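Chemist: Let me give you the structure first, and then I'll get to my questions.
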Protein chains: 4
Amino acid sequence: MSLWEKYSAVRAHSVSICSKLQKEDYVVQPVVDVSPPKWHLGHTTWFFETFILIPHAFAYQPFNAEYNYVFNSYYENIGARVIRTDRGNLSRPTVDDVFQYRAYVDEAMEKFLACEIKADVSELLILGLNHEQQHQELLWYDIKYILGHNPLFPAYGLENVENELTNTADGWIHFKEGVYEVGYQGDQFHFDNELNRHKVYIQNFSLSTRLVSNGEYLEFITDGGYEDFNLWHAEAWDWLKVNSITAPLYWYTIDGEWKRYSLSGMELLNMEAPVSHISYYEAAAFAQWKGMRLPTEFEWEVASSQLKWGKLWEWTESAYLPYPGFSKAAGALGEYNGKFMVNQKVLRGASVATPANHSRNTYRNFFHPNLRWMFSGIRLSK
Amino acid sequence: MSLWEKYSAVRAHSVSICSKLQKEDYVVQPVVDVSPPKWHLGHTTWFFETFILIPHAFAYQPFNAEYNYVFNSYYENIGARVIRTDRGNLSRPTVDDVFQYRAYVDEAMEKFLACEIKADVSELLILGLNHEQQHQELLWYDIKYILGHNPLFPAYGLENVENELTNTADGWIHFKEGVYEVGYQGDQFHFDNELNRHKVYIQNFSLSTRLVSNGEYLEFITDGGYEDFNLWHAEAWDWLKVNSITAPLYWYTIDGEWKRYSLSGMELLNMEAPVSHISYYEAAAFAQWKGMRLPTEFEWEVASSQLKWGKLWEWTESAYLPYPGFSKAAGALGEYNGKFMVNQKVLRGASVATPANHSRNTYRNFFHPNLRWMFSGIRLSK
Amino acid sequence: MSLWEKYSAVRAHSVSICSKLQKEDYVVQPVVDVSPPKWHLGHTTWFFETFILIPHAFAYQPFNAEYNYVFNSYYENIGARVIRTDRGNLSRPTVDDVFQYRAYVDEAMEKFLACEIKADVSELLILGLNHEQQHQELLWYDIKYILGHNPLFPAYGLENVENELTNTADGWIHFKEGVYEVGYQGDQFHFDNELNRHKVYIQNFSLSTRLVSNGEYLEFITDGGYEDFNLWHAEAWDWLKVNSITAPLYWYTIDGEWKRYSLSGMELLNMEAPVSHISYYEAAAFAQWKGMRLPTEFEWEVASSQLKWGKLWEWTESAYLPYPGFSKAAGALGEYNGKFMVNQKVLRGASVATPANHSRNTYRNFFHPNLRWMFSGIRLSK
Amino acid sequence: MSLWEKYSAVRAHSVSICSKLQKEDYVVQPVVDVSPPKWHLGHTTWFFETFILIPHAFAYQPFNAEYNYVFNSYYENIGARVIRTDRGNLSRPTVDDVFQYRAYVDEAMEKFLACEIKADVSELLILGLNHEQQHQELLWYDIKYILGHNPLFPAYGLENVENELTNTADGWIHFKEGVYEVGYQGDQFHFDNELNRHKVYIQNFSLSTRLVSNGEYLEFITDGGYEDFNLWHAEAWDWLKVNSITAPLYWYTIDGEWKRYSLSGMELLNMEAPVSHISYYEAAAFAQWKGMRLPTEFEWEVASSQLKWGKLWEWTESAYLPYPGFSKAAGALGEYNGKFMVNQKVLRGASVATPANHSRNTYRNFFHPNLRWMFSGIRLSK
């Protein structure tokens, strides 16, 4: 597969995720963590324009000089930008403008990739594709949030990634204590935060073969889990009180029945399916209630070859920290991972929203412990 | 003109104001005071459906039972509603949905108006038309804010209401002290807040024949008006510091030149045109700097027949308070005016954005003293 | 009475109000509107030092050059100051320091007043004494708030101003419409906001001879007054919801009985006494519920000679606005009144906490409509 | 040393720390993290009353039933409490009341300890003493903050713990990679968060023999450290912008010279002394600027026997997380450590404010990464 083929496959996938959106759906930002879909489509395009075409493509003319201000996300090195909470206040560029921007950049990329390119630029391109794949996953989260927080609860369509949210058989797998190696090894694409590969000492542990189900989680609720402060971290308890949280995101009791909004619309709660859209706070409280705990990211990685994973990102107990010998790249791309290494928790695995070819057992996803609009779930450890 | 003709003329005007919007422009709410244009189009429709068709039209079926939740503005009597800050978070109903809603209600209204209707329903209808005209004026404010706060500063079109923003000749008119009558008199439409007509005693006063111009206001800025706390109310000074305000809304210094965003795009500041988008705080500070003051609403009303007015709403010194004998209507329509009679200032006159047939010399417009996204200006008194 | 005798009488009264405070009570600021008692004692002293001794007393040495920063309240002309919310964060100057400061300034004032002084300085002195009397009233409010919001609800002492909170006999007095004169007339001390005396036209009106009692107000509560949005201004309703307000300040239901904190401690609600610590919002909602209204400040002033007043400040419907011909003094003293003339409501009369010789029927007190820690009450009009 | 002797020594030390406070200093709470000294004195007393005397001492009568509400800190199991931000709003109980409370509880403890007590109660007592020692350290932080944020900058006294803030000689110590054991081992007092002792794998590392000095930190400032976003975590950069932070806490430039507030008053910056009152964010940015990093808590523990430590708590890169096999005690005492194990960073060592007999090389102190009012410093690793 040529670089251009890879590039156009990834680019086409972003568009296909959005294929059932109305124009209005592309624009709104109901909470700060959600970005408007048109922003994702523009921002991923801006990445290629800014880091590849402008510095490396001969005589490239930027599509619109103002777009850097609009589509820069958090790269301080690249200059001023629309503040994050304002992304949903922008009606312009329109959806059509953004699609034209994509077409313009794609055409320039095709021309650019027709010639030989240097190894470092090729690496940048691969990074850009992985970056766009991360936004593809975010697109699913954000589309679900935009529709699922609309009082009309519109379905996105009956064929969607949530249909794959099934679970596996019950059981436990046991692992022996000792020195293990973790971190990325190989010569394929990987993020800087997966390095260095290094030794860790792990105690005896057991991992559940399955994710916690909606039914099990409902027992926790019924047993008063959201009212017993002893189960919660102090910050979790504050969060829960301030936000009046009494169930996972997208759960509703309507006429005495538990329902859940999925991309297919409002449905009866499926007791067998793995519980999803769970914050770390909730995952940890559930584990506490069970008398168990969450795995560390290293336990998970060591066990990964024996697990079925990939329906939901799995919260770990591990904080998102640099590995031994970690160092940031110079310039804007150094802002990719390192500057987020505080106050976040690592999730491992992948989810039904993760694009094909975008998962590894050394992949370190990370979110703040209160967030839950992503496809996250719980695997227990003991 | 039949009721139906009046109705369809007003309804058509709302749509025509929006005719140059992109779909995306209909959706956003950059600040709480601005509502998405599609919300205005839906809300004014909801008014007719809720107060006329549902209670009075035989066998009327609401277009969508959920729309009450979406399009109710502030009528506590009519039930729960989307909180005001969330209006810009709703991608659905789409713009097309809203236009279908309008068509559906208009068709039902046409059928309803084909028969004789009772006097009280006819009054409600006239109220609904005046209500829609108020939203037509808001549409201009909101469209300007949505485009004028976009970093791309798109023009709305070269033909627009701001082209009429011209001024009149300089001079002063003098009035003698004595007892005058103010308030609405007659049998045409008027709001409850214009009653009762009553006597007031007014001291000698003089009113300027013209509105303060951009050029005069620029002198105030150049003279350090925004840095001298002695000119400002205490709350105004806090507002100015917290919001880093140093000029009227839509004014920018770009490359050493004063520019102003209008619906025609970014333009050089026109020194002759009346200064607009001014808060009460700024109007009062300017008057203080001039050694003059703003008129009271009664001075303005008494003088109105000798003034040229209608380019900009004119701030008065008067607080928005009930007239002697004021009483609220029962039920939801009683929420129209009375409940806002605290902490707001009266503006008199009309603006270039005011629809034809929607101005009177007894009309009492009102806003909080810090607001300035409306077409407001300054007339001095002494 | 010599100026020095007047001065020392007023100064002594401030100290006597605080005589039963513990040192700790002098320090705290439980909400922004309350100032620590030691701050009041220091600030009133600073007023004499700053406006009289420093500019006019030969060779006067300020007690401590840093105190201007600590004890300036809101005079922008006099330089930087501790922000208002920080007053309760200052343990130093200590209470003993503040009493030494008072003694130092009093001694300098005694020496200064031993000689002839100019008329304008004498006027400043009288203003300073009236200023200190205003803070004497605030001291009562703030002491009550500090003790009444302590979970131990300590009494301040059985002898206190609240013992005088009795009511008068029921009845109505009627007034004829016509032109009246309002505003201060005479050659005694008065504030700039009481001028100019001017004519107003007033319609027929009636005033209650008594203030609304706790018993009557309890009926309003029992009848669901705090749950019926139709009775409230829109901003009042928001205020009530955000602050979970369901009764006047200092009212509690304990074991099924209504109690009220007074300076004598927690007591059974006295049904005959006038309801106090009422916001304008509550006063207006109560009047609405009664089918009546609050008087305007001019109605009150015209009627004042026929009323018994002085137990509680009485809310009026009038906004705090300048009288015709009002002008601010130059410099810092011009900040005394004029800059507050927006978003506040006028109260008329006086309260049990008002010092002797500090009330007039033209006195215009003013507070924001949501405030209620002062001794405020309700007189109905119709 | 008998239990009573231990008890009375610890109790006396708390009082001696406060010996130079004015009564007013005991009351205030200038920021949420600081508690009023009288609250510390009451809260530590409440701990003994609540967990020892009430459940275990025959016929003990609580000093005041309301004090549980006032002096409970964060024990949800023990009932409602004054919210943390309100501690500085309480003038009562007075300082004298609190000292009487201490005397009353101490007398009851003396009587209680005169008889044989059970092992589990003895353990509780030892926990209570360690708890009070933690508050002794906090008393130093809070006293410094209270005086150091007063605009008069009063000294606390020339003899104080900051005089010991000296540094050691420069150099590096190197450690070999391998499996090490960490965590508490022994039969003395320790906290639950120091268990279980367990094996960890550590890579080769080197630790500086000295703490970073004020002089070195000043170079970082001079080199633009606070202006270069590439050195900071994303959250750190936001924190720095929102709070306008440009230097460590207590640093001021006055007349062109760098000064620092210490408990001895405002002094010229001592370039040799270790930099203190540093947040994790600043420590990490400084290390980044140096091209180095902070140690992990396990590196620190393994190296501890070869380090001189105890002047300042040393930030580590480690997040505060449970050790393998960690479990919380049942009931209120289970709230001691576990519920804080998210979003905090571990500090190791001890500081000049740490009481004698209250440090261990397995001791895990923890704070949020933005806090810096404690005696914290930086040791570099590479």
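The values are calculated or read from the model by the stated rules, or taken from the named source; none is laboratory data. From a predicted model like this one, the values you see are computed outputs, not experimental measurements. Note that we place each Cβ from the backbone using ideal geometry, even for glycine, and neighbour counts take in every protein chain shown. Each accessible area value is taken on the protein alone, full model and side chains, heavy atoms only, with ligands, DNA and RNA left out. Shrake-Rupley method; radii C 1.70, N 1.55, O 1.52, S 1.80 Å.
Chemist: Collect the residues in region B:240-253 that are outside any helix (DSSP H, G or I) and either over 26 Å from the mean Cα position of the chain (by Cα) or within 14 Å of chain C (Cβ to nearest Cβ) (or both), keeping them in residue-number order. Write out each step before concluding.
Modeler: Applying the first criterion (outside any helix (DSSP H, G or I)) to region B:240-253 yields B:243-253.
Result: B:Thr253, single match.
Chemist: Among the residues that make up region C:222-239, is at least one of them outside any helix (DSSP H, G or I) and within 19 Å of the chain's Cα centre (by Cα)?
Modeler: Here is the first cut: in region C:222-239, the ones outside any helix (DSSP H, G or I) are C:223-224, C:228, C:232-233.
Adding the requirement that they be within 19 Å of the chain's Cα centre (by Cα) leaves none.
No, every residue in region C:222-239 fails to be outside any helix (DSSP H, G or I) and within 19 Å of the chain's Cα centre (by Cα).
Chemist: Take the residues in region C:339-364 that are of a type in the set (Gly, Ala, Ser) and open to solvent by 10 Å² or more (accessible area, probe 1.4 Å); name whichever of them is farthest from B:Asn370 (Cα to Cα). First the steps, then the outcome.
Modeler: Within region C:339-364, the first condition is being of a type in the set (Gly, Ala, Ser), and the residues that meet it are C:349-351, C:353, C:356, C:359.
Adding the requirement that they be open to solvent by 10 Å² or more (accessible area, probe 1.4 Å) leaves C:356, C:359.
Working: C:Ala356: 39, C:Ser359: 34 Å.
Ranking the qualifying residues of region C:339-364, first place goes to C:Ala356.
Chemist: Separate question: Identify the residue in region A:37-84 that is open to solvent by 30 Å² or more (accessible area, probe 1.4 Å) and of a type in the set (Ser, Thr, Tyr) and, among all such residues, is modelled with the lowest pLDDT.
Modeler: A:Tyr74
Chemist: For B:Glu110, indicate whether it is surrounded by fewer than 17 Cβ atoms within 10 Å (Cβ to Cβ) and not aliphatic (A, V, I, L, M).
Modeler: Numbers: surrounded by fewer than 17 Cβ atoms within 10 Å (Cβ to Cβ): yes; not aliphatic (A, V, I, L, M): yes.
Yes.
Chemist: Residue by residue through region D:306-322, note down the ones that are open to solvent by 10 Å² or more (accessible area, probe 1.4 Å) and within 23 Å of D:Leu195 (Cα to Cα).
Modeler: Taking region D:306-322 and keeping what is open to solvent by 10 Å² or more (accessible area, probe 1.4 Å), we get D:306-311, D:317-319, D:321-322.
Selection gives D:Gln306, D:Leu307, D:Trp309, D:Gly310, D:Glu317, D:Ser318, D:Ala319, D:Leu321, D:Pro322.
Chemist: Just one of A:Ala285, A:Ala303 is out of contact with any strand residue (DSSP E or B) (no Cβ under 9 Å at 6 or more places or on another chain), in the same structural domain as A:Asp238 (by TED's automatic domain parsing) and open to solvent by less than 10 Å² (accessible area, probe 1.4 Å); which is it?
Modeler: On the way: A:Ala303 fails: out of contact with any strand residue (DSSP E or B) (no Cβ under 9 Å at 6 or more places or on another chain).
When all the criteria are applied, what remains is A:Ala285.
Chemist: Based on this model, can you work out whether B:Lys259 counts as within 14 Å of chain C (Cβ to nearest Cβ) and either out of contact with any Lys or Arg (no Cβ under 9 Å at 6 or more places or on another chain) or surrounded by fewer than 17 Cβ atoms within 10 Å (Cβ to Cβ) (or both)? So that I can check it myself, show each step before the final result.
Modeler: On the way: within 14 Å of chain C (Cβ to nearest Cβ): no; either out of contact with any Lys or Arg (no Cβ under 9 Å at 6 or more places or on another chain) or surrounded by fewer than 17 Cβ atoms within 10 Å (Cβ to Cβ) (or both): yes.
Criteria not met by B:Lys259.
Chemist: When you scan region B:206-227, how many residues do you find that are under 24 Å from B:Trp300 (Cβ atoms) and either at pLDDT below 95 or open to solvent by 40 Å² or more (accessible area, probe 1.4 Å) (or both)?
Modeler: Residues in region B:206-227 being under 24 Å from B:Trp300 (Cβ atoms) and either at pLDDT below 95 or open to solvent by 40 Å² or more (accessible area, probe 1.4 Å) (or both): 2 in total.
Chemist: Taking the residues in region A:3-31 that are away from chain B (no Cβ under 12 Å) and outside any helix (DSSP H, G or I) as candidates, determine which candidate is surrounded by the most Cβ atoms within 10 Å (Cβ to Cβ).
Modeler: Step one: filter region A:3-31 for residues away from chain B (no Cβ under 12 Å), giving A:3-20.
Remaining after also requiring outside any helix (DSSP H, G or I): A:18-20.
On the way: A:Cys18: 18, A:Ser19: 7, A:Lys20: 14.
Among those that are away from chain B (no Cβ under 12 Å) and outside any helix (DSSP H, G or I), it is A:Cys18.
Chemist: Got at least one residue in region D:151-164 being open to solvent by 30 Å² or more (accessible area, probe 1.4 Å), assigned to a helix (DSSP H, G or I) and either at pLDDT below 95 or touching a helix residue (DSSP H, G or I) at 6+ places or on another chain (Cβ under 7 Å) (or both)?
Modeler: Checked against the condition, which is being open to solvent by 30 Å² or more (accessible area, probe 1.4 Å), assigned to a helix (DSSP H, G or I) and either at pLDDT below 95 or touching a helix residue (DSSP H, G or I) at 6+ places or on another chain (Cβ under 7 Å) (or both), region D:151-164 yields at least one hit.
Chemist: Which count do you get for residues in region D:338-362 that are part of a loop (DSSP other than H, G, I, E, B) and within 8 Å of another protein chain (Cβ to nearest Cβ)? Walk me through how you get there before you give the answer.
Modeler: Initial filter on region D:338-362 (part of a loop (DSSP other than H, G, I, E, B)): D:341-344, D:350-362.
Applying the additional criterion that residues be within 8 Å of another protein chain (Cβ to nearest Cβ) yields D:341-343.
Number satisfying all stated conditions: 3.
Chemist: Can I ask one more? Could you tell me whether B:Lys382 is basic (Lys, Arg), surrounded by fewer than 21 Cβ atoms within 10 Å (Cβ to Cβ), within 14 Å of chain C (Cβ to nearest Cβ) and touching a residue at least 60 places away in the same chain (Cβ under 8 Å)?
Modeler: Working: basic (Lys, Arg): yes; surrounded by fewer than 21 Cβ atoms within 10 Å (Cβ to Cβ): yes; within 14 Å of chain C (Cβ to nearest Cβ): yes; touching a residue at least 60 places away in the same chain (Cβ under 8 Å): yes.
When the stated conditions are applied, B:Lys382 passes them.
Chemist: Residues of region A:176-204 being touching a helix residue (DSSP H, G or I) at 6+ places or on another chain (Cβ under 7 Å) and open to solvent by less than 20 Å² (accessible area, probe 1.4 Å), which ones?
Modeler: A:Val182, A:Gly183, A:Val200, A:Ile202
Chemist: Looking at the structure I just gave you, is C:Thr50 under 30 Å from C:Glu159 (Cβ atoms), more than 13 Å from chain D (Cβ to nearest Cβ) and of a type in the set (S, T, N, Q)? Please lay out each step first, then the result.
Modeler: Working: under 30 Å from C:Glu159 (Cβ atoms): no; more than 13 Å from chain D (Cβ to nearest Cβ): yes; of a type in the set (S, T, N, Q): yes.
For C:Thr50, the condition - under 30 Å from C:Glu159 (Cβ atoms), more than 13 Å from chain D (Cβ to nearest Cβ) and of a type in the set (S, T, N, Q) - is not met.
Chemist: Test C:Thr253 against the stated conditions and say whether it is at pLDDT below 95 and assigned by TED's automatic domain parsing to the domain that holds C:Trp315. Outline the logic, then answer.
Modeler: Values: at pLDDT below 95: yes; assigned by TED's automatic domain parsing to the domain that holds C:Trp315: yes.
Yes.
Chemist: When region B:323-337 is examined, which residues are found to be more than 8 Å from chain C (Cβ to nearest Cβ), assigned to a helix (DSSP H, G or I) and open to solvent by less than 20 Å² (accessible area, probe 1.4 Å)?
Modeler: Matches in region B:323-337: B:Ala332 only.
Chemist: Which members of region A:90-102 meet the condition of being within 14 Å of chain B (Cβ to nearest Cβ), open to solvent by less than 30 Å² (accessible area, probe 1.4 Å) and of a type outside the set (A, V, I, L, M, F, W, C)? I'd like the intermediate steps shown before the answer.
Modeler: Within region A:90-102, the subset within 14 Å of chain B (Cβ to nearest Cβ) is A:90-101.
Remaining after also requiring open to solvent by less than 30 Å² (accessible area, probe 1.4 Å): A:90-91, A:93-95, A:98, A:101.
Selection gives A:Ser91, A:Pro93, A:Thr94, A:Tyr101.
Chemist: Hey, among D:Val34, D:Val105, which residue is within 14 Å of another protein chain (Cβ to nearest Cβ) and either in a helix (DSSP H, G or I) or open to solvent by less than 30 Å² (accessible area, probe 1.4 Å) (or both)?
Modeler: Details: D:Val105 fails: within 14 Å of another protein chain (Cβ to nearest Cβ).
Checking each option against the conditions leaves just D:Val34.
Chemist: Yes or no: region B:170-182 includes at least one residue that is modelled with pLDDT under 95 and more than 30 Å from B:Phe326 (Cα to Cα). Give the steps one after another, and end with the answer.
Modeler: Of region B:170-182, the ones modelled with pLDDT under 95 are B:170.
Going one step further and asking which of them are more than 30 Å from B:Phe326 (Cα to Cα), we end up with B:170.
Yes: region B:170-182 contains one or more residues that are modelled with pLDDT under 95 and more than 30 Å from B:Phe326 (Cα to Cα).
Chemist: For region B:308-320, check the following and say yes or no: at least one residue is within 10 Å of chain C (Cβ to nearest Cβ), touching a residue at least 24 places away in the same chain (Cβ under 8 Å) and either part of a loop (DSSP other than H, G, I, E, B) or at positive phi (or both).
Modeler: To start, the set of residues in region B:308-320 that are within 10 Å of chain C (Cβ to nearest Cβ) comprises B:317-320.
With touching a residue at least 24 places away in the same chain (Cβ under 8 Å) added as a condition, the list becomes B:317-320.
Those still in the list that are either part of a loop (DSSP other than H, G, I, E, B) or at positive phi (or both) too: B:320.
Yes, region B:308-320 has at least one match.
Chemist: Continuing with the same structure: Kindly indicate whether A:Ile146 is within 14 Å of chain B (Cβ to nearest Cβ) and touching a residue at least 24 places away in the same chain (Cβ under 8 Å). Reasoning before the result, please.
Modeler: Working: within 14 Å of chain B (Cβ to nearest Cβ): yes; touching a residue at least 24 places away in the same chain (Cβ under 8 Å): yes.
Answer is yes for this residue.
Chemist: While we're here: Here's a check for you: in region D:113-136, which residue that is more than 17 Å from D:Arg11 (Cβ to Cβ) and among the charged types (D, E, K, R) is least open to solvent (accessible area, probe 1.4 Å)?
Modeler: D:Asp120
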